[in-house]
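First the structure, in the form of structure tokens, and then the observations on it.
The values are calculated or read from the model by the stated rules, or taken from the named source; none is laboratory data. Note that the structure is a prediction, hence the values are computed from the model and not measured. As a convention, Cβ positions derive from the backbone with ideal geometry for all residues, glycine included, and neighbour counts pool all protein chains shown. Just so you know, the surface numbers come from the protein's heavy atoms only, side chains and all, with ligands and any DNA or RNA stripped out. Shrake-Rupley method; radii C 1.70, N 1.55, O 1.52, S 1.80 Å.
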Amino acid sequence: MSTPDVPVRFADFQRIVFFTGAGLSAESGIPTYRGKGGIWTEYNYEDYACQRAFERNPNKVWDFHDKRRGFVAEREPNQGHSIIAELQRSHPDTAVITQNIDGLHGLAVGDTEPKHPIVELHGSLWRVRCDAEGTVRPDRSVPMSPRTCSCGAYFRPDIVWFEDMLDSRNIARAHELLQRCDLLVSVGTSGVVYPAADMPRIAMSRGAVTVEINLEDTPVSSSYQHRLRGKASDILAAMSI
Ligand code: NAD
Ligand code: APR
């Protein structure tokens with residue numbers, strides 16, 4: 001496989017922000033949401049990924065999320081995650097804002113605590129919360145057990161579902177990182193879900209160089225200065241040379 005010719009290289013920048021979506025994890029074997037074989041092409045999110053569905057039938061929602069936990073638990077970070085993690089280690093001002101809930105960025109960076117903690121805009125498959133108690137805790141049990149809190153209420157996945165509000169602290173952290181970066185690299189997102197899809201505009205308005213890595217054009221492609229088409233791992237590798 002010849003290395004794609006890319007106009008932008010990481011070595012020329014100090015404060016890189018990676019804005020990632022499901023396409024980055026596709027090469028780890030994790031289906032995306034909207035592409036061919038995407039999760040929302042197989043499941044109706046209104047039955048599995050919104051608060052109303054959870055209140056209607058928490059066990060049905062947990063069965064769906066346990067299936068995803070079991071699948072994701074057997075997947076590893078791919079070369080794309082590793083390249084980003086290496087930059088987080090070697091260039092501490094590198095930051096990651098992800099829409100992914102699979103935890104692969106965290107696995108890739110391992111025990112090194114990055115200077116900028118990974119911003120998980122849409123939460124994590126590997127955290128659960130009790131809204132009755134207002135508690136959140138890490139949990140990697142597959143299947144998730146117990147499903148109910150000691151207070152008697154069902155735990156729910158600590159994931160931002162459809163019609164949920166995003167955590168305003170995460171939005172604020174993301175905005176701060178985007179306002180100070182000199183290079184923004186969007187990787188594998190369809191750019192159709194807000195407010196996440198709007199975030200790259202912040203970097204553009206502050207004069208950062210902006211790159212969109214995707215297999216195909218998206219509704220937000222025209223906002224990016226460089227639109228690099230191809231597999232995330234191939235293009236990230238080429239930008240690392
Ligand atoms: P929506 O159309 O149901 O309504 C919420 C709208 O308000 C969206 O545009 C949402 O992004 C926006 N919003 C949410 N919090 C906000 C905030 N703090 N400030 C400003 N705007 C805010 O939105 P949606 O597209 O159905 O989904 C809502 C969120 O849930 C999105 O971020 C989506 O990516 C996420 N989501 C996650 C999963 C998952 O499995 N992780 C599944 C579906 C949706
Ligand atoms: N390399 C680069 N891009 C890829 C690859 C790859 N190997 N494989 C797929 N893609 C691209 C697709 O072309 C598509 O544009 O990744 C994108 C995946 O888009 P989605 O499936 O919509 O995933 P994402 O953008 O992360 O969804 C945003 O919607 O349902 C919610 O909360 C959920 O976080 C998710 C949000």
Pair list, Cβ under 8 Å, 6 or more apart: region 29-51 residue closer than 18 Å to Gly123 by Cβ, other residue open to solvent by 70 Å² or more (accessible area, probe 1.4 Å) and away from ligand 1 (no atom under 11 Å from the Cβ):
Ile30/Phe71; Tyr48/Lys60
Residue, nearest to the chain's Cα centre (by Cα), within region 148-179, restricted to residues that are surrounded by 16 or more Cβ atoms within 10 Å (Cβ to Cβ) and basic (Lys, Arg)
Arg173
Is there any pair linking a residue in region 153-172 that is within 19 Å of Val193 (Cβ to Cβ) and assigned to a strand (DSSP E or B) to one that is of a type in the set (Gly, Ala, Ser) and more than 6 Å from ligand 1 (Cβ to nearest atom), with Cβ under 9 Å and at least six apart or on different chains, and which?
Pro157/Gly123; Pro157/Ser124; Asp158/Gly123; Asp158/Ser124; Ile159/Gly123; Ile159/Ser124
Quick check on my filter: what residues within region 192-209 are at pLDDT below 90 and either assigned to a loop (DSSP other than H, G, I, E, B) or buried (at least 20 other Cβ atoms within 10 Å of the Cβ) (or both)?
Val192, Val193, Tyr194, Pro195, Ala196, Ala197, Met199, Pro200
Of (1) within 15 Å of ligand 2 (Cβ to nearest atom); (2) at pLDDT 95 or above, Val17 satisfies every one except (1)
Residues located in region 117-134, provided they are open to solvent by 60 Å² or more (accessible area, probe 1.4 Å) and assigned to a strand (DSSP E or B)
Arg127
Hey, any hits in region 215-224 for a residue that's closer than 14 Å to Phe19 by Cβ, not hydroxyl-bearing (Ser, Thr, Tyr) and not in a loop (DSSP other than H, G, I, E, B)?
no
Of all residues in region 3-48, which are in a loop (DSSP other than H, G, I, E, B) and over 21 Å from Val185 (Cβ atoms)?
Gly29, Pro31, Lys36, Gly37, Gly38, Tyr43, Asn44
